[in-house]
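Written below as structure tokens is the structure these notes are about.
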Amino acid sequence: MAYNKAEMVRAVELLLTISPRSPLDDVARKLRVERHTISRSLRELKRTTFRGLQTQAVLTEAMILLRKPNLSVKEIASVLGYDSPRAFSSMFKKHLGKTPTQMRQ
């Protein structure tokens with residue numbers, strides 16, 4: 001399927017909404033386009049990288065999950081594909097300035 005750049009960027013955003021930690025190779029394969037085509041389109045239209053968009057998708061999903069008091073930070077980290085709650089918390093704090101526990105309070 002042929003996409004214009006805006007359609008492709010929207011498709012990438014939707015795929016990352018469904019599965020925020022999807023690797024670029026998987027997204028490219030699902031959309032049947034080259035990795036560099038996705039990267040170039042994101043750079044031109046969104047002024048970001050695939051990794052940046054992916055991080056934003058993970059943070060958005062994390063914020064949604066943090067609103068569920070029955071889920072621990074460890075469970076949220078696991079749901080988001082992190083092997084270590086420490087790695088998840090570190091990434092979260094790096095981008096948002098607070099740990100997931102602090103954000104929850």
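The values are calculated or read from the model by the stated rules, or taken from the named source; none is laboratory data. Note that the structure is predicted; figures quoted are calculated from it, not measured. Quick reminder, even Gly has a Cβ in these numbers, built from the backbone with ideal geometry, and neighbours come from all protein chains shown.
The residues listed here are Ala62, Ala28; of these, the one that is over 26 Å from Ser90 (Cβ atoms) and either surrounded by 14 or more Cβ atoms within 10 Å (Cβ to Cβ) or in the same structural domain as Phe92 (by TED's automatic domain parsing) (or both) is Ala28.
Scanning the stretch 72-105 for residues that are at pLDDT below 95, of a type in the set (D, E, K, R) and part of a loop (DSSP other than H, G, I, E, B) yields a single hit, Asp83. One residue is enough: does the stretch 30-37 have a residue meeting the conditions more than 30 Å from Pro100 (Cβ to Cβ) and of a type in the set (Val, Ile, Thr)? The answer is yes; a qualifying residue exists. If the condition is being surrounded by fewer than 16 Cβ atoms within 10 Å (Cβ to Cβ), more than 13 Å from the chain's Cα centre (by Cα) and among the β-branched types (Val, Ile, Thr), then the stretch 34-59 contributes only Thr37.
Within the stretch 1-42, how many residues are among the aliphatic types (A, V, I, L, M) and without any contact (Cβ under 8 Å) to a residue 12 or more places away in the chain? So the count comes out to 4.
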